Each structure stands twice: as C-alpha cells, then as structure tokens.
Amino acid sequence: MSYVKSFSARYADESTIYEQLTKIFPMVTGITIVYQRGRFICTTPRELTDEETKTIKAAIKANHYADEGL
C-alpha cells in the first residue's frame with residue numbers, strides 16, 4: 001500500500017524533498033515525487049510521522065533561505 005503526502009514548495013526544492021525521503025526510506029525504490037501547482041505530491045511506502053513531516057518542511061525552509069543568500 002502507498003501513502004500520499006504533499007508539501008508546498010518551489011520547483012527547485014525537489015532534490016531537498018527527495019534527499020529527506022531517502023533518509024527515511026533508504027532501501028525503497030517506490031518513492032515518487034510529482035510537482036503540481038506549487039506543491040510536491042509524494043508517494044511513500046508508509047504514512048510519514050508528524051516528526052518526519054516536520055523534518056522535511058524544515059529542510060525545505062532551510063533550502064529556501066540558503067538560496068536567497070545567493
């Protein structure tokens with residue numbers, strides 16, 4: 001069974017989301033990420049915990065602020 005979670009982010013944040021998901025699911029090949037209307041729709045093998053969701057959101061935010069400094 002697959003689970004879907006969406007994150008509001010910029011197109012450039014896909015690699016950050018993928019990196020975080022592969023830390024959570026290191027041996028899984030069933031992760032998909034699709035960008036639609038300012039959101040990334042992520043399919044994962046199990047539902048993300050609240051803590052995992054917070055971690056991904058924090059990484060997106062950190063990446064966003066790092067890019068602003070360029």
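The values are calculated or read from the model by the stated rules, or taken from the named source; none is laboratory data. Please read all numbers here as calculations on a predicted model, not as lab measurements. Positions of Cβ are generated from backbone atoms using ideal geometry, with glycine treated the same way; all protein chains shown enter the neighbour counts.
Of note:
- Residue 60 being farther than 17 Å from residue 2 by Cα and either in contact with a Leu (Cβ under 6 Å, 6 or more places away or on another chain) or at pLDDT below 95 (or both): yes
- Neighbours by Cβ (under 7 Å, 6+ apart or cross-chain): first from the range 10-28, over 19 Å from residue 39 (Cα atoms); second among the hydrophobic types (A, V, I, L, M, F, W, C) and part of a helix (DSSP H, G or I): none
Here's the yes/no breakdown for (1) among the aliphatic types (A, V, I, L, M); (2) touching a helix residue (DSSP H, G or I) at 6+ places or on another chain (Cβ under 7 Å); (3) exposed (fewer than 14 other Cβ atoms within 10 Å of the Cβ); (4) within 16 Å of residue 8 (Cβ to Cβ):
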{"site": "35", "(1), (2), (3), (4)": "no, yes, no, yes"}
{"site": "43", "(1), (2), (3), (4)": "no, no, no, no"}
{"site": "55", "(1), (2), (3), (4)": "no, yes, no, yes"}
{"site": "60", "(1), (2), (3), (4)": "yes, yes, no, yes"}
